[in-house]
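Reading through the structure tokens given below for one structure.
Rule-based calculations on the coordinates, nothing more; no lab input. Just so you know, these numbers come straight off a predicted model, no measurement behind them. Using ideal geometry, Cβ is built from the backbone for each residue, glycine included, and neighbour counts are taken over all protein chains shown.
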Amino acid sequence: MNKINNNSILLKFLLIITLVVTVENLPAASYIKVDSSSAVKALLIDARNAYKRGMAKTDLVEKNQAFEQAAASLERALRINPRQPTLWHNLAGVRLTQGDWMRAANLATNSNMHAGNDSQYYQLRIRNWMLITLACEGMGDMTCAREARNRAQNLAQALH
């Protein structure tokens, strides 16, 4: 049990870092393709800014409003470019932050589906499995969490 808790803590720490890095540095990440559409870029900037505002808020209502604004911007970007796995991942991260476990897991699964086996998205798929692990833990489904954690670990090991 202690080993599972330590792995959970490590995964949560890595996911928080991943979400901040992914949301804040999305256009700069070398393995992430960003749609050249100026509308998508503007929506990503809006989402990043709203997410940052939400993280800085202490009032729960204001925090959730900012996260909903981030989600709305990402959803609009997805209507423009629905095959972009990074957009799905970032929306999953926002939903995870909000504690919407089922939706977060489904969105991360969509991200993996759109990433396919493209080596460009290898690390993104690992991040998605980490996110799914946390969502499963949030739902109290430890079997799901264990399976997702194993997939993340297997992908990470194959990377080396």
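For segment 51-160, the percent of C-alpha pairs falling in each 10 Å distance bin, counted from 0 to the bin holding the largest distance, reads 16, 42, 32, 9, 0. Ranking of 40, 61 by neighbouring Cβ atoms within 10 Å, starting from the fewest: 61, 40.
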